[in-house]
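Step one of this worksheet: look at the structure below.
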Amino acid sequence: MRVLVLGGDGFCGWPTALHLSEAGAEVVIVDNLSRRNIDNELEVSSLTPIQPMRVRLAAWREATGNEIDYHRFDVAQHYYRLLSLLREFAPDAVVHFAEQRAAPYSMKSSWHKRYTVTNNLNATNNVLAAVVESGLDIHVVHLGTMGVYGYGTAGMKIPEGYLRVEIRTDDGRRIEQEILYPANPGSVYHMTKTQDQLAFAYYNKNDKVRVTDLHQGIVWGTQTPQTQRDDRLINRFDYDGDYGTVLNRFLMQAAVGYPLTVHGTGGQTRAFIHIQDTVRCIELAIENAPKHGERVKILNQMTETHRVRDLAKIVSDITGASVDYVDNPRNEDAENDLFVENRQFLEMGLEPVTLANGLLTEVTEIAQKYAERCDRDKIPARSQWRAASVGAGLPADADQPSTAG
Ligand code: NAD
Ligand code: USQ
């Protein structure tokens, strides 16, 4: 099995590449290091000391004897490099992580909105167009988001991608159809993921590209068994107000003695998955590829839901941290319920890691170990959803939104 991992230097992509390599796949990584450049722009760095790509790959070779090849280029811009690589490597699957993934970052200014849209939509379209032009039978596995659905339901479980609807025609007949679940993005970043869905539906219909779209919840945790094998393999841990996600942030805040930053009432309910389940789900998705001619396979990649204020209480109970209810910088419902269908992965054999499995303590230990690397000034979330923040915090090459790389 040959797998091309686009975005393989990132938080989900790096442990996935190692997991697949250890499972016996021949893995090649593409990454333009835009995420590391964004850290430079934001003047922050991963709480964990992540190593340069060549050091990471050498450590993996020493630990396992396995080679992972790496190409540095921009998937959204360098179409012909992508196409040649597909032709040379002829992967069975391409796992596509290579997008700007932070909702707050995508809302910082008009530049950040344009960069996120340009990067994400071109990356996805390039992957699909290159798969078609290569003439190869490549399964595209994409990391999407639970946020494509919005976070509310009409009391039912959010289905896995498709909604059965009944339409009454003018002559009184009833027609049943399955349609893509109505898109309801909550940020420019989430909007790009809803548009990715249309690209998959189109290339699947027109060119019969086999696609699996994984609607993933918020990923928490840091390490997997593979990234733990050597300090040089350590995974990224984002904690800042733009890239840090809620549970990892709370655990880090507790570790450095910073009150937990609950936005608003903390009544927001979201879906979660541990990083060790992320890598396992991707392996399962590759093993269970859609058949030829099958429509886009959509799976909800999450294992549990939690309300933000409940998470704060759990972390506070474990660590003794205080909780600070701060003004919510985002434009989102203050309170919502969330029920999600995730039967497909469970039927494939996923055994979820949950908050109850003790890994909260493991993340706390990592956060404590690297606490001195934390810049407390970077903790508050300052990206305002509603502000006309045009020009705020512009990168130096602000005219061209085409790359952060
Ligand atoms: P990340 O930013 O850590 O990793 C993304 C990687 O892709 C980075 O290394 C970046 O340099 C690279 N990249 C971005 N644009 C690129 C381009 N044009 N060309 C080449 N490389 C490019 O993000 P992550 O947390 O690993 O997320 C990976 C994917 O999973 C994203 O698409 C995200 O939307 C999705 N996802 C993440 C989470 C989460 O909680 N982290 C949850 C749900 C879905
Ligand atoms: N929140 C707080 N305090 C904080 C940080 C966040 O209360 O310090 C709240 C936010 O206001 C929001 C919720 O926690 O209501 C989740 O925020 P988040 O930053 O943890 O996650 P989100 O912005 O939704 O994005 C993350 C990933 C994104 C992925 C998404 C999955 O960055 O790539 O697509 O989770 S989902 O949330 O299911 O759409």
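The values are calculated or read from the model by the stated rules, or taken from the named source; none is laboratory data. Computed from a predicted structure; not experimentally measured. As a convention, Cβ positions derive from the backbone with ideal geometry for all residues, glycine included, and neighbour counts pool all protein chains shown. Each accessible area value is taken on the protein alone, full model and side chains, heavy atoms only, with ligands, DNA and RNA left out. Shrake-Rupley method; radii C 1.70, N 1.55, O 1.52, S 1.80 Å.
In segment 243-269, what residues are within 11 Å of ligand 1 (Cβ to nearest atom) and assigned to a loop (DSSP other than H, G, I, E, B)? Outline the logic, then answer.
Of the residues in segment 243-269, the ones within 11 Å of ligand 1 (Cβ to nearest atom) are 243-248.
Answer for segment 243-269, where residues must be within 11 Å of ligand 1 (Cβ to nearest atom) and assigned to a loop (DSSP other than H, G, I, E, B): Tyr243, Gly244, Thr245.
Go through (1) closer than 19 Å to Thr354 by Cβ; (2) touching a Leu at 6+ places or on another chain (Cβ under 6 Å); (3) open to solvent by less than 30 Å² (accessible area, probe 1.4 Å); (4) within 12 Å of ligand 2 (Cβ to nearest atom) one by one and return the number of the condition Leu299 breaks.
Evaluating Leu299 over (1) closer than 19 Å to Thr354 by Cβ; (2) touching a Leu at 6+ places or on another chain (Cβ under 6 Å); (3) open to solvent by less than 30 Å² (accessible area, probe 1.4 Å); (4) within 12 Å of ligand 2 (Cβ to nearest atom) leaves (4) as the failure.
Listed here are the residues, each with its yes/no results for (1) in a loop (DSSP other than H, G, I, E, B); (2) within 22 Å of Gln228 (Cα to Cα); (3) open to solvent by less than 10 Å² (accessible area, probe 1.4 Å).
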position	(1), (2), (3)
Val27	no, yes, yes
Asn32	yes, no, no
Arg36	no, yes, no
Ser46	yes, yes, yes
Arg56	no, yes, yes
Tyr80	no, no, no
Leu83	no, no, yes
Leu86	no, no, yes
Val94	no, no, yes
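Residues in segment 122-129: is at least one open to solvent by 10 Å² or more (accessible area, probe 1.4 Å) and within 14 Å of ligand 2 (Cβ to nearest atom)?
No, segment 122-129 contains no residue that is open to solvent by 10 Å² or more (accessible area, probe 1.4 Å) and within 14 Å of ligand 2 (Cβ to nearest atom).
Go through the residues of segment 65-75 one by one and say whether even a single one is within 30 Å of Thr364 (Cβ to Cβ), within 15 Å of ligand 1 (Cβ to nearest atom), surrounded by 20 or more Cβ atoms within 10 Å (Cβ to Cβ) and within 18 Å of the chain's Cα centre (by Cα).
No, the conditions are met nowhere in segment 65-75.
Restricting the search to segment 366-382, which residues are within 12 Å of Thr48 (Cα to Cα) and surrounded by 12 or more Cβ atoms within 10 Å (Cβ to Cβ)?
Once the filter is applied, which keeps residues that are within 12 Å of Thr48 (Cα to Cα) and surrounded by 12 or more Cβ atoms within 10 Å (Cβ to Cβ), segment 366-382 yields Ile366, Ala367, Gln368, Lys369, Tyr370, Ala371, Arg373, Cys374.
Out of all the residues in segment 165-177, is one or more among the polar types (S, T, N, Q), free of Cβ contacts under 8 Å to residues at least 40 places away in the same chain, more than 16 Å from ligand 1 (Cβ to nearest atom) and part of a loop (DSSP other than H, G, I, E, B)?
Within segment 165-177, one or more residues are among the polar types (S, T, N, Q), free of Cβ contacts under 8 Å to residues at least 40 places away in the same chain, more than 16 Å from ligand 1 (Cβ to nearest atom) and part of a loop (DSSP other than H, G, I, E, B).
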